[in-house]
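See below for the structure under consideration.
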Amino acid sequence: MSGVLSSAGSVEALLRLRRVEEFLFHEARLIDERRFEDWRDLYTEDGIYWVPSEPDQDNPVDRLSIFYENRALMDVRIRQLRHNAFWAQIPPVRTRHVIGNVVLEEGGEGAELCTRSSFVMLEHRDDHRRVFGGEARHRLRPEGEGFRIAWKRVDLVDCEGTHNFMSVPF
């Protein structure tokens with residue numbers, strides 16, 4: 001048996017990491033399947049979704065962000081995505097996420113877990129393709145057998161670049 005798997009603590013850590021990976025894969029799948037309400041419901045009542053517009057941006061308030069949403073603003077976005085006259089969704093955007101390099105970090109509040117992962121998202125609409133990539137950080141709050149998202153930060157590799165309209169979450 002390898003040294004990594006020989007202690008109960010290591011096995012426990014590997015199982016926790018796997019549970020987190022499965023949660024992140026599930027979140028991505030909800031977006032790809034356009035199940036935006038289910039995606040929003042992964043967030044805690046005070047949950048925040050943030051996409052900074054600058055590398056190493058230290059807060060969402062003093063600088064413009066690409067997205068900075070609480071659940072109420074997520075609801076506004078979802079209503080737009082569902083509206084039959086929303087021009088940015090005619091035809092609807094299709095996405096596919098690839099999530100990898102998932103790690104657990106120290107620093108969660110109480111029982112919360114902090115994660116980092118890399119992602120690539122392919123977006124297709126009306127014969128146009130875009131590729132986004134970057135790093136996602138989550139602060140996950142255990143709830144029952146699963147988690148809820150207390151905070152998510154998405155750092156795009158080209159965050160300071162010029163982007164056309166973005167409507168689907170990363």
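Of the conditions (1) in contact (Cβ under 8 Å) with a residue 24 or more places away in the chain; (2) open to solvent by less than 60 Å² (accessible area, probe 1.4 Å); (3) in contact with a strand residue (DSSP E or B) (Cβ under 7 Å, 6 or more places away or on another chain); (4) assigned to a loop (DSSP other than H, G, I, E, B), residue 95 clears all except one; give me its number.
With respect to (1) in contact (Cβ under 8 Å) with a residue 24 or more places away in the chain; (2) open to solvent by less than 60 Å² (accessible area, probe 1.4 Å); (3) in contact with a strand residue (DSSP E or B) (Cβ under 7 Å, 6 or more places away or on another chain); (4) assigned to a loop (DSSP other than H, G, I, E, B), residue 95 is out only on (4).
Return only the number of the condition from (1) open to solvent by 30 Å² or more (accessible area, probe 1.4 Å); (2) among the charged types (D, E, K, R); (3) touching a strand residue (DSSP E or B) at 6+ places or on another chain (Cβ under 6 Å); (4) at pLDDT below 95 that residue 62 does not satisfy.
(3) is the only condition that residue 62 fails.
With the structure loaded, tell me whether residue 155 is in contact (Cβ under 8 Å) with a residue 24 or more places away in the chain and touching a strand residue (DSSP E or B) at 6+ places or on another chain (Cβ under 9 Å) or whether it fails that test.
yes
Return only the number of the condition from (1) part of a loop (DSSP other than H, G, I, E, B); (2) open to solvent by less than 50 Å² (accessible area, probe 1.4 Å); (3) in contact with a strand residue (DSSP E or B) (Cβ under 6 Å, 6 or more places away or on another chain) that residue 166 does not satisfy.
(3)
If the Cβ limit is 6 Å and pairs must be 6+ apart or interchain, which residue in segment 50-70 that is more than 12 Å from residue 151 (Cβ to Cβ) and aromatic (Phe, Trp, Tyr) pairs with which residue that is buried (at least 18 other Cβ atoms within 10 Å of the Cβ) and at pLDDT 95 or above?
Cβ pairs passing all conditions: 67/51.
Does residue 167 meet the test of being small (Gly, Ala, Ser), farther than 16 Å from residue 18 by Cα and in contact (Cβ under 8 Å) with a residue 40 or more places away in the chain?
Against the criterion (small (Gly, Ala, Ser), farther than 16 Å from residue 18 by Cα and in contact (Cβ under 8 Å) with a residue 40 or more places away in the chain), residue 167 qualifies.
Of (1) over 23 Å from residue 113 (Cα atoms); (2) in contact with a Phe, Trp or Tyr (Cβ under 7 Å, 6 or more places away or on another chain); (3) basic (Lys, Arg), residue 71 satisfies all except one. Which?
(1)
The values are calculated or read from the model by the stated rules, or taken from the named source; none is laboratory data. Computed from a predicted structure; not experimentally measured. FYI the Cβ positions are ideal-geometry reconstructions off the backbone, even for glycines, and counts take in every protein chain you see. Side chains are part of the model used for accessible areas, which takes the heavy atoms of the whole protein and leaves out ligands, DNA and RNA. Shrake-Rupley method; radii C 1.70, N 1.55, O 1.52, S 1.80 Å.
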